[in-house]
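Below is one structure, written out as structure tokens, with a few remarks after it.
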Amino acid sequence: MANQQGSFLTAIDLGSAKTCALMVEVTDGGLRYRGHGVAESRGSRKGVIVDLDKAVAAIQKAVEAAEDKAGAAVEHAIVGVGGAHIRGVNSHGGITLGTRPREIGRDEIKGAVEKARSIPLPPDREVLHLLPQEFILDGQAGVHDPLGMMAARLEVRVHLVTGASSAAQNVITAVNRAGVHVDDTVFEPLAAADSVLRADERELGVCLADIGAGSTELVVFLQGAVAFTGVIPVGGDHFTSDLSLGMCTPLAEAEKIKKVYGNAIVTLIPEGNEVEVPSVGDRASRLLPQRLVAEILEPRARELFEMLRETLRQGGMFDACLAGIVLSGGGSRLPGIFDVAESVLRRPVRLSWPTPLAKMPVSLAEPEFSTVIGMVHYGQRARVARGFQGDRWGSRLKALLVG
């Protein structure tokens, strides 16, 4: 098996339900699929590693499957980070260049960025991303790249994505122990946005809600830049748990019932339909109305979108999402969830489908793979931005602000 060369990119998504590794080849025509592997996640819960050995085993299994399909070894990877520990905050800072306007250079830009970055953080938190919103030159806002422009004062507005240092480090440790070096980490919905959001949505104002197994992660774009990030501690596993308790059936059986018979709208289930529900222990299975499944799932779906609405309102972002809400992740596959979202949010809602890679199998063109597909796009942009390709200062400035 050949070693992974510079023309390869690998992304690893450590979800609460599944661990996925995706290998692509960087070609002149773009990214081309080479292989992927999926393993059941047993060491993660709500986006946080709770059992290191089990997490390492899942990573190894997914990576080995990807290597077998690609015919190349995975040595480096970009890795997703998420979970309820993520916090986003907007910051503003600037520097005075003198009494008269003078040309803005790289050092001045870095100085303004450092001022914006210098906000007090608890010792157990770290900055995962420093994302540009706009530069302000002598009170003139809306500047994207101030290099070479004239001003007496340079300011910048940024969005900081922060996370618990231990949670991020545990993800890196697990991947390293699986024999893979971590080149970069990325907040998962930020990566997913690369594969599902359109440029006009980002400009007008849109919220991407990535409904994973353990949590729902949010990122809001406004005027093309990240304006808000957050996490709601409700995901697909909560729907499954509700079914398990409400129907008195094992979690594994509840997950099967959710996938085969689930619906978030009670009235969409015909009356008289029945579902065979396995019992706990040695008791016989029972036949229960299928509408009972929806009667359990619908309240949880409404709760999720009510929490999403309030989270956006508290962040001052709900009215800014004129392009509406885009649903991604495996949890968005639940029938009827689109209708519940529109009913609660009173905003345009659409389901997302990741932009396919060249040669990619149809099985990956599903919402639950939006994050890992977006991660390879993000990884390639980061390569370009950090000077692996090209020599544009605008790209290097983006690297400074993204990483």
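The sole residue among Val56, Val74, Val26 that is among the β-branched types (Val, Ile, Thr), surrounded by 24 or more Cβ atoms within 10 Å (Cβ to Cβ) and over 15 Å from Ser370 (Cα atoms) is Val74.
Look at Leu243 and say whether it is surrounded by fewer than 19 Cβ atoms within 10 Å (Cβ to Cβ), at pLDDT 95 or above and not assigned by TED's automatic domain parsing to the domain that holds Thr96. The answer is no for Leu243.
Would you confirm whether or not region 106-119 contains a residue that is within 22 Å of Gly316 (Cα to Cα) and assigned to a loop (DSSP other than H, G, I, E, B)? Yes, region 106-119 contains a residue that is within 22 Å of Gly316 (Cα to Cα) and assigned to a loop (DSSP other than H, G, I, E, B). Every condition in (1) surrounded by 23 or more Cβ atoms within 10 Å (Cβ to Cβ); (2) modelled with pLDDT of 95 or more is met by Glu64 except one, and the failing one is (1).
Is it true that Glu303 is of a type in the set (Asp, Glu), closer than 29 Å to Lys18 by Cα and in contact (Cβ under 8 Å) with a residue 40 or more places away in the chain? Answer is yes for this residue.
Taking each residue of region 57-73 that is over 9 Å from Ala178 (Cβ atoms) and looking for partners that are part of a helix (DSSP H, G or I) with beta-carbon atoms closer than 8 Å, six or more apart or interchain, yields Ala73/Glu67. Looking across region 218-258 at every residue that is in contact with a Ser or Thr (Cβ under 7 Å, 6 or more places away or on another chain) and among the acidic types (Asp, Glu), the one that is nearest to Glu274 (Cα to Cα) is identified as Glu255. Restricting the first member to region 330-346 and to residues that are over 21 Å from Asp319 (Cβ atoms), and the second to residues that are of a type in the set (S, T, N, Q), the beta-carbon pairs closer than 6 Å and six or more apart or on different chains are Pro335/Asn263; Gly336/Asn263.
Conditions (1) farther than 28 Å from Gly236 by Cα; (2) assigned to a loop (DSSP other than H, G, I, E, B); (3) among the basic types (Lys, Arg); (4) outside the structural domain of Glu103 (by TED's automatic domain parsing), marked per residue:
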position: Leu121; (1), (2), (3), (4): yes, yes, no, no
position: Val127; (1), (2), (3), (4): no, no, no, no
position: Gln133; (1), (2), (3), (4): yes, no, no, no
position: Leu190; (1), (2), (3), (4): no, no, no, yes
position: Ala193; (1), (2), (3), (4): no, no, no, yes
position: Asp200; (1), (2), (3), (4): yes, no, no, yes
position: Asp210; (1), (2), (3), (4): no, no, no, yes
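If you check Arg302, Arg291, Arg346, Arg333 for being on the phi > 0 side of the Ramachandran plot and either in contact with a Leu (Cβ under 8 Å, 6 or more places away or on another chain) or not hydroxyl-bearing (Ser, Thr, Tyr) (or both), only one passes: Arg346.
The residue that is nearest to Leu334 (Cα to Cα), among those in region 176-188 that are in contact (Cβ under 8 Å) with a residue 60 or more places away in the chain, outside any loop (DSSP other than H, G, I, E, B) and more than 11 Å from the chain's Cα centre (by Cα), is Thr185. Would you check if Asp107 is acidic (Asp, Glu), within 29 Å of Val81 (Cβ to Cβ) and either in contact with a Leu (Cβ under 8 Å, 6 or more places away or on another chain) or surrounded by fewer than 22 Cβ atoms within 10 Å (Cβ to Cβ) (or both)? No: the conditions fail for Asp107. Residue-level check: of (1) at pLDDT below 95; (2) touching a Gly at 6+ places or on another chain (Cβ under 7 Å), Met23 misses just (1).
Exactly one residue among Arg102, Arg87 is closer than 30 Å to Phe135 by Cβ, out of contact with any helix residue (DSSP H, G or I) (no Cβ under 7 Å at 6 or more places or on another chain) and either exposed (fewer than 15 other Cβ atoms within 10 Å of the Cβ) or aromatic (Phe, Trp, Tyr) (or both), and that residue is Arg102. Scanning region 274-323 for residues that are part of a loop (DSSP other than H, G, I, E, B) and either out of contact with any strand residue (DSSP E or B) (no Cβ under 9 Å at 6 or more places or on another chain) or not aliphatic (A, V, I, L, M) (or both) yields a total of 13. Looking across region 306-334, not a single residue is closer than 17 Å to Ala213 by Cβ, touching a helix residue (DSSP H, G or I) at 6+ places or on another chain (Cβ under 8 Å), surrounded by fewer than 21 Cβ atoms within 10 Å (Cβ to Cβ) and at pLDDT 95 or above. If you go through region 224-240 and keep only what is without any contact (Cβ under 8 Å) to a residue 40 or more places away in the chain and either crowded, with 24+ Cβ neighbours inside 10 Å or of a type in the set (S, T, N, Q) (or both), you end up with just Thr240. So, Val231, is that one closer than 30 Å to Val206 by Cα, of a type outside the set (D, E, K, R) and not in a loop (DSSP other than H, G, I, E, B) or not? Yes; evaluated as a whole, the condition is true for this residue.
The values are calculated or read from the model by the stated rules, or taken from the named source; none is laboratory data. These numbers were taken from a predicted model, which means no experiment stands behind them. Cβ coordinates were reconstructed from backbone atoms using ideal geometry, including for glycine residues, and neighbour counts include every protein chain displayed.
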